[in-house]
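See structure below.
Laboratory data are not the source of any read-out in this text; all were calculated from the coordinates shown. The structure presented is a predicted model; accordingly, all values stated were derived computationally and were not measured. Glycine gets a Cβ as well: all are built from the backbone with ideal geometry, and neighbour counts include every protein chain shown.
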Amino acid sequence: MAKEATVERMGERTDLAGQVAIAFHQPQDLQKMEMRYLKAAGQLSQMFDQTRERLTALSQRMAQAVVKE
């Protein structure tokens, strides 16, 4: 079990090193990786829903401000 845990940590460090390299050399690819993570974690649709709600509320406030002028 200890060897398996060591191998898992090595894999995680290697993965992290790859992500750091991508962040420096191809930042757009890191953003793609983040989107895949959010989708896999089930947070992507929630994030889009929250953004949509926030922008809709902002749009309504802006429309009201224009009408008042």
- prompt: Do you know which residues across the stretch 20-35 are surrounded by 11 or more Cβ atoms within 10 Å (Cβ to Cβ) and not aliphatic (A, V, I, L, M)?
  reply: Gln26, Asp29, Gln31, Lys32, Glu34
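How about the stretch 1-19: which of its residues are surrounded by 11 or more Cβ atoms within 10 Å (Cβ to Cβ) and farther than 22 Å from Leu44 by Cα?
Gly18 - this is the single residue of the stretch 1-19 that is surrounded by 11 or more Cβ atoms within 10 Å (Cβ to Cβ) and farther than 22 Å from Leu44 by Cα.
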message: Against the definition (in a helix (DSSP H, G or I) and loosely packed, with under 10 Cβ neighbours inside 10 Å), how does Val66 come out, yes or no?
response: yes
statement: Of the residues in the stretch 29-54, those that are in a helix (DSSP H, G or I) and closer than 19 Å to Asp15 by Cβ number 12
statement: By residue number, the members of the stretch 37-61 that are among the basic types (Lys, Arg) and surrounded by 11 or more Cβ atoms within 10 Å (Cβ to Cβ) are Lys39
